[in-house]
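Following: one structure in structure tokens, then a few remarks.
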Amino acid sequence: MKSFITAALLAIAVPAFAHHSIVAEFDPNQPIEFKGAVKKIEWTNPHIYTSVETTSADGKSVVYRVEGGPPNALYRQGWRKDTLKVGDVVTVKGIRAKSATSFNVGQATITMSDGRRIFGTGGNRAASAETQQQ
Amino acid sequence: MKKFLVAFAMALVVAAVFWTAPVPAAQRGRGAAPAAPAGPAPRLSNGKPDLSGHWTNPYTPNMAMRVVDATTREPMTFARQGEVLKDAIDPKRTFDLPYTDWGLKKWKEYDPVGKGDYTGNCLPFGMSRNINSPHGTQILQSPDAVAFLFEQNTWFHWVPTNDKFKWPEDLPEAWNGVSVGHWDGDTLVVVTKGFNGYTRLDTNGHPHSKQMVMTNTFLRKDSNTIEHTVTVHDPKAYTRDWMNVRTWRLKPANDVIMEYSCEENNLANILNGAIKVWHAPEDDDE
């Protein structure tokens, strides 16, 4: 049941607005979770990308591009391009791209160190702890 | 891992249901001012209801979910309904619409993972998927025409309603088709045909042929609400006409239509291979 709930949250977290196939690019067999620092925000259609730098098991620096929802939908939920700042420390959960050379992460959730979910449902305007922990 | 895959598939179903639900609050803008209390439907100087406004049209990735009979508006029943199509590209697909043999073949072979989907290439979604999209629609209306401004990819669709207007008869087939509107009482009836056959009806990939005649109706029931129906008449793909009935809600005034450029990052994803390049089928309507 726990895995179902986790997967359900993953699936719901990023609205299924994508008009490219999620399963075409990403592999649900490769879940990934890591902590790192925000390097860049690409506020672009049809998905935003948040670049997050972390350290791999062999000690090397790796920058993942974390795919998010469509910027217009995120804007309407109260999120902004500068909601996350370069240098913010976040935890990312998602699934890796099928391509071994790609560092894109799909179906992702981004969580701040204080527990706030970023770019999920319930944007900054609905800034209650309840909505952000949904 | 098997548990995760099963859970993930179940979750996608849950998500599909969730996102098919009409008018999620989030689509109307978190924290946005609520729409004004409903009043009577506004009218133009010619007495016709004025559909103008910025609307939340329900995101509909799967038109088979709530399919009704086009005549009775009752839930539709048909032969083979619900039969699992084990030989489809995706073996979870079912006989979920009243397919002809041709339509069933197209439904079974739709392969967005292996072959890509034209929408990932930012090509026109088609009239059906424009209206199914989650990003909202601005309607502009004059006594002679209605314009639909779809936020999805910043597309538009123009519908003349003046019966003196005639489209050229030799217009080329089009991704979005060509529309003509007329009034049935207070209901705007938009009949669209002339499709190039490259498009699918929805995100799930339900098929149609070039012969499809799609009829959308719009009835502004009050200042905040439109009753929208879409009827698919395509004897090549379906043995019977079928319909969806949906409710559009007026967005609050501070929820404005915005630019949407699909190419902004899909272009790079196409060039680096993350999104497959779409090619027009050579036998698109055979």
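The values are calculated or read from the model by the stated rules, or taken from the named source; none is laboratory data. Just so it is clear, the structure is predicted and the values come from calculations on it, not from any experiment. Cβ coordinates were reconstructed from backbone atoms using ideal geometry, including for glycine residues, and neighbour counts include every protein chain displayed.
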In the range B:199-216, residue surrounded by the most Cβ atoms within 10 Å (Cβ to Cβ) [restricted to those that are within 14 Å of another protein chain (Cβ to nearest Cβ) and touching a Phe, Trp or Tyr at 6+ places or on another chain (Cβ under 8 Å)]: B:Thr199
Going by the structure shown, is B:Glu263 farther than 17 Å from B:Arg73 by Cα, among the charged types (D, E, K, R) and within 14 Å of chain A (Cβ to nearest Cβ)? yes
Among the residues in the range A:68-80, are any out of contact with any helix residue (DSSP H, G or I) (no Cβ under 9 Å at 6 or more places or on another chain) and more than 14 Å from every other protein chain (Cβ to nearest Cβ)? no
Does B:Met243 satisfy being facing chain A (nearest Cβ under 9 Å) and modelled with pLDDT of 95 or more? no
Among residues belonging to the range B:242-268 that are without any contact (Cβ under 8 Å) to a residue 40 or more places away in the chain and surrounded by fewer than 20 Cβ atoms within 10 Å (Cβ to Cβ), point out the one that is nearest to the chain's Cα centre (by Cα). B:Glu264
Single match in B:Trp183, B:Trp175 (criterion: surrounded by fewer than 19 Cβ atoms within 10 Å (Cβ to Cβ), in contact with a Pro (Cβ under 9 Å, 6 or more places away or on another chain) and over 26 Å from B:Tyr59 (Cβ atoms)): B:Trp183
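Identify, from the list B:Thr239, B:Thr225, B:Thr217, the residue that is of a type in the set (Ser, Thr, Tyr) and under 16 Å from the mean Cα position of the chain (by Cα). Working first, answer last.
On the way: B:Thr239 fails: under 16 Å from the mean Cα position of the chain (by Cα); B:Thr225 fails: under 16 Å from the mean Cα position of the chain (by Cα).
When all the criteria are applied, what remains is B:Thr217.
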A:Val23 at pLDDT 90 or above, surrounded by fewer than 21 Cβ atoms within 10 Å (Cβ to Cβ), over 14 Å from the mean Cα position of the chain (by Cα) and not in a strand (DSSP E or B): no
For the range B:159-172, how many residues are crowded, with 18+ Cβ neighbours inside 10 Å and under 22 Å from B:Arg129 (Cβ atoms)? 1
Test each condition in (1) polar (S, T, N, Q); (2) over 11 Å from the mean Cα position of the chain (by Cα); (3) at pLDDT 90 or above; (4) closer than 23 Å to B:Asn269 by Cα for A:Thr83 and report the one that comes out false. (4)
Hey, any hits in the range B:266-280 for a residue that's at negative phi and more than 14 Å from every other protein chain (Cβ to nearest Cβ)? yes
Would you say B:Phe195 is touching a strand residue (DSSP E or B) at 6+ places or on another chain (Cβ under 8 Å), touching a residue at least 60 places away in the same chain (Cβ under 8 Å) and either exposed (fewer than 13 other Cβ atoms within 10 Å of the Cβ) or of a type in the set (Phe, Trp, Tyr) (or both)? yes
Can you find a residue in the range B:29-50 that is within 14 Å of chain A (Cβ to nearest Cβ), in a loop (DSSP other than H, G, I, E, B), at pLDDT below 95 and on the phi > 0 side of the Ramachandran plot? yes
Do we have any residue at all in the range B:98-108 that's outside any helix (DSSP H, G or I) and closer than 30 Å to B:Asn269 by Cβ? no
Determine whether B:Thr161 is more than 21 Å from B:Thr229 (Cβ to Cβ) and of a type outside the set (Gly, Ala, Ser). no
